[in-house]
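Read-outs throughout are calculated quantities, based only on the coordinates presented, and are distinct from any laboratory measurement. A quick note: this is a predicted structure, and the numbers were derived from the prediction, not measured. Virtual Cβ from ideal backbone geometry, glycine too; neighbours counted across all protein chains shown.
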Amino acid sequence: MLTHPTLDQLNQLGLFGMAKAFGESQASAEAAALTHPEWLALLLDREMTYRHDRKLAARLRYARLRQQALVEDIDYRAARGLDRPLLQKLVAGDWIDAHDNLTICGPTGVGKSWLACALGHKACRDNRSVLYQRVPKLFGDLVLARGDGRYARITRALGGVQLLILDDWGLEPLDAQARHDLLEILEERYGRRSTIITSQLPVEDWHAVIADPTYADAILDRLVHNAHRLNLSGDSLRRTRSKPAERG
């Protein structure tokens with residue numbers, strides 16, 4: 001069998017994982033000992049791995065997660081009131097299939113953003129689409145998008161992604177346009193997609209941030225009604241760690 005023509009054909013067919021494995025097998029003494037079914041299974045396994053890795057990389061690029069966080073690195077020892085059984089259920093991801101939401105509340109530095117990004121990363125690994133947005137920047141971007149024609153495209157992305165992470169909610173009261181935008185986003189997602197929202201404020205104080213009773217009732221009904229809650233407490237993890245770790 002000629003090596004180069006076979007490699008060319010595999011690459012022309014877009015079987016790049018198989019092509020790489022085939023090239024490596026030519027220089028491997030162990031590959032020569034494989035039976036034909038074992039050799040084919042090896043090539044197919046490498047192709048599947050290659051495609052999975054490419055898709056995961058694309059999902060992570062699209063998600064634009066703020067922090068590189070993994071659920072395997074969650075620190076359950078830190079004294080911050082972390083509900084371990086609930087968090088383990090959230091890691092499994094069934095709540096996303098059920099189109100539930102999640103609120104993560106607590107003081108600055110206890111790991112809210114980090115946990116949200118870790119769950120977002122796990123969702124990407126589970127073949128789900130994810131998008132991370134900081135709330136203050138999001139509303140500013142939507143204002144600009146109205147002027148340059150991107151508004152419809154951005155809101156479609158916000159409404160269609162399987163898991164939307166809204167980070168740093170409640171830093172300042174919403175104006176009329178932000179209230180309208182948030183309600184439209186949540187209305188599109190309610191019962192169809194899942195949303196994670198992080199905040200330094202407890203849910204009970206969100207009414208005041210929305211700053212309009214009618215909008216507040218509508219927004220919180222769509223956001224909190226079917227939400228799991230992680231309420232964190234304790235000192236900032238940033239003060240107790242000198243190396244990169246959970247933050248947010």
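Before moving on, here are some points about what is shown:
- Separation in nanometres of the label points that stand 7 Å from Cα toward Cβ, at Asp97 and Glu72: 2.3 nm
- Karplus-derived HN-Hα couplings along segment 184-192 (A = 6.51, B = -1.76, C = 1.60, θ = phi - 60°), whole Hz, x at Gly and Pro: 5, 5, 5, 4, 5, 8, 4, x, 10
- Computed magnitude of the charge dipole of segment 139-200 (debye, nearest 20; Cβ of K, R +1, Cβ of D, E -1): 340 debye
- Taking a ≥ b ≥ c as the square roots of the eigenvalues of the alpha carbon gyration tensor, segment 167-225 is oblate, as a/c is not under 1.5 and a/b does not beat b/c.
- A run of the chain free of exposed loop cleavage sites, with trypsin sites (Lys or Arg not before Pro) counted only in DSSP states other than H, G, I, E and B and at most 14 other beta carbons within 10 Å, reaches its longest extent at 78-149.
- From the coordinates shown, mean projected area of the Cα convex hull in nm² corresponds to which of (1) 18.2; (2) 13.7; (3) 14.4: (1)
- Residues whose amide H comes within less than 5 Å of that of Ser129, counting only those at least five positions distant or on another chain, are Gln162, Leu163 (H built at 1.01 Å from N in the peptide plane).
- The order of Ile196, Ile210, going from fewest to most other C-beta atoms within 10 Å of their C-beta, is Ile210, Ile196.
- 17 Å reach of a label modelled at Ser233, 7 Å along Cα-to-Cβ, counting backbone N of segment 167-203: 200-203
- Net charge dipole, the chain: roughly 460 debye, given to the nearest 20, about the Cα centre with Cβ charges of +1 for Lys and Arg and -1 for Asp and Glu.
- Relative to the longest principal axis of the Cα atoms of the chain, the long axis of helix 213-224 makes an angle of roughly 30 degrees.
- Applying the Karplus relation 6.51 cos²θ - 1.76 cosθ + 1.60 with θ = phi - 60° to segment 43-57 yields 3J(HN,Hα) values of 5, 5, 4, 5, 5, 4, 4, 4, 5, 4, 5, 5, 5, 5, 4 Hz, where x marks Gly and Pro.
- Candidate lysines - alpha carbon under 24 Å from Lys20, same-chain residues fewer than 8 apart omitted: Lys55
- Distance between modelled label sites at Thr6 and Ala211, nm, 7 Å Cα→Cβ extension: 6.8 nm
- A simple spin-label model places the labels of Gln200 and Arg54 4.5 nm from each other, with each point 7 Å out along Cα-to-Cβ.
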